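Here's the structure, in structure tokens; my notes come after.
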Protein chains: 2
Amino acid sequence: MTDALDVSLRLVRAQTALVKRFDASLGGLHGVSLADFTTLLRLGQAPGGRMRRVDLAEALGLTASGVTRGLVPLERIGLVTRETDARDGRVAYAALTDTGRARLTDMLATAEQVAAEIFAAPPWSKEDIGRMSALLTRLGGTGLPGHTPAP
Amino acid sequence: MTDALDVSLRLVRAQTALVKRFDASLGGLHGVSLADFTTLLRLGQAPGGRMRRVDLAEALGLTASGVTRGLVPLERIGLVTRETDARDGRVAYAALTDTGRARLTDMLATAEQVAAEIFAAPPWSKEDIGRMSALLTRLGGTGLPGHTPAP
DNA sequence: CTGATATGCTTGAGCACTCAAGGAGGTCGC
DNA sequence: GCGACCTCCTTGAGTGCTCAAGCATATCAG
């Protein structure tokens, strides 16, 4: 087996372990999944804390229908609201509520701690993590902000 | 956001893109998913081309029930058979058929090519891929062979 | 204005996994 | 040999996504 295939399979495997760990902490402390958290985080990064649902889908790497279904519970528990566009009747925005923004702050602290624990165990340097981030950015296709290093 | 959280989210994102790519090629050429291929590959690596289903689950990072369900289509199309243990009536083996082994060879070539394409695009060295592999091994928990480098 | 086409979103059906429960078989103490 | 446990596997219910289809709205050509 080639190295490239080997590392691909390891990546797939690593992801499931990683997701489980985030889900456990985020679920236990805040009652949300990693997918929920990522959704709220993207909304929090957007201007005004709101995005068109189609853009949110693109940012999350999901389909529009995945976003529709994923937002339902977040709307139900009051972290996100649906807003309409006065100019274009087709679009619906997903917007962070004040509660949502407050809860997101707590979740972010939890998620950062989990990530810190994960990357604390192996003796890997900041540069190693940076390199990995750069490669993952390419692998991940479009959608993430980009983390472009200064030239 | 910390670097550790950033790279975690990128990893999750990268995985979905990667899986889609493998699924497209493996599905198109051989009619199997990446999960199917990984299952067959593990069986192929095992002595005698067969494993107890519980060990297969461990190797794949799935639950036993996930393996039961995942093997059904592979048995149906004749790539895998179920074998029993004469000594222990509880265990059922999943075993690669001759057809399965032949098809696996073709699939492996396809998968290696896809992986090569993925890792050809970014100008990353063999060492970079090796480092990434090592980190992913730690992240991924147990289950993979290990790739321990010579001391 | 009208019809054709494109866009944004939702919905039904399906798929691949999970967890929880349960059946069948094995092991051990007594 | 029998009861209490453990292990291996399957099954029912639920989750979170996908694709395909459909509806409503917008845009544009004539």
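The values are calculated or read from the model by the stated rules, or taken from the named source; none is laboratory data. Please read these numbers as outputs of a predicted model, since none were measured by experiment. Neighbour counts run over all protein chains shown; Cβ positions are idealised from the backbone, glycine included. The accessibility values were calculated without ligands, DNA or RNA, using every heavy atom of the protein model including side chains. Shrake-Rupley method; radii C 1.70, N 1.55, O 1.52, S 1.80 Å.
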Exercise for the section: Test A:D98 against the stated conditions and say whether it is more than 15 Å from the chain's Cα centre (by Cα), modelled with pLDDT of 70 or more and within 13 Å of DNA strand C (Cβ to nearest atom). Expected result: no
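This table checks each residue for (1) under 30 Å from A:K126 (Cβ atoms); (2) within 10 Å of another protein chain (Cβ to nearest Cβ); (3) within 11 Å of DNA strand C (Cβ to nearest atom).
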{"position": "B:L11", "(1), (2), (3)": "yes, yes, no"}
{"position": "B:T16", "(1), (2), (3)": "yes, yes, no"}
{"position": "B:V19", "(1), (2), (3)": "yes, yes, yes"}
{"position": "B:L56", "(1), (2), (3)": "no, no, no"}
{"position": "B:V67", "(1), (2), (3)": "no, no, yes"}
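Taking helices (runs of 4 or more DSSP H) that fall entirely within the stretch A:1-110, which contain at least 2 residues that are open to solvent by 60 Å² or more (accessible area, probe 1.4 Å), without any contact (Cβ under 8 Å) to a residue 24 or more places away in the chain and within 24 Å of B:L62 (Cβ to Cβ)?
On the way: elements: A:3-30, A:34-45, A:53-60, A:64-76.
Passing ranges, in order: A:3-30.
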Residue set A:L79, A:L62, A:L40; condition touching a Lys or Arg at 6+ places or on another chain (Cβ under 8 Å), aliphatic (A, V, I, L, M) and within 14 Å of chain B (Cβ to nearest Cβ); output residue A:L40
